[in-house]
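A short write-up of the structure that comes next.
The values are calculated or read from the model by the stated rules, or taken from the named source; none is laboratory data. Model, not experiment: these values are computed from the prediction. Cβ placement follows ideal geometry from the backbone for every residue including glycine, while neighbour counts extend to all protein chains displayed.
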């Protein structure tokens, strides 16, 4: 089990390096890494509100699906923010970035 986990972690960091993961983070990336829940909610709230406004009044299930879709977006963006936090921690550990 540990071998598969190590393989997946190494594959993730290899893809990250191929996509430019060794670069210093921008100001918005620093904020997102510090506030993953806030980043998820800031991205999901406008989409949820748009879906709620666009839902038709004759379909009562639309608000439920709009809120569910908004929560799903918040989770996806929150997990992306957590991966950015891990990337920044790795840059500090490798000495490629001092954290400022």
| task | Under 9 Å between Cβ atoms, at least 6 apart or on separate chains: pull out the pairs that start in region 21-47 with a residue that is in contact (Cβ under 8 Å) with a residue 60 or more places away in the chain and end on any residue that is surrounded by fewer than 17 Cβ atoms within 10 Å (Cβ to Cβ) and assigned to a helix (DSSP H, G or I). | result | 21/13; 21/15; 21/90; 22/16; 22/94
| Of residues in region 5-41 being touching a helix residue (DSSP H, G or I) at 6+ places or on another chain (Cβ under 8 Å) and in a loop (DSSP other than H, G, I, E, B), the one nearest to residue 75 (Cα to Cα) | 35
| Would a scan of region 61-73 turn up a residue that is under 22 Å from residue 25 (Cβ atoms), in a helix (DSSP H, G or I), out of contact with any strand residue (DSSP E or B) (no Cβ under 9 Å at 6 or more places or on another chain) and modelled with pLDDT of 90 or more? | no
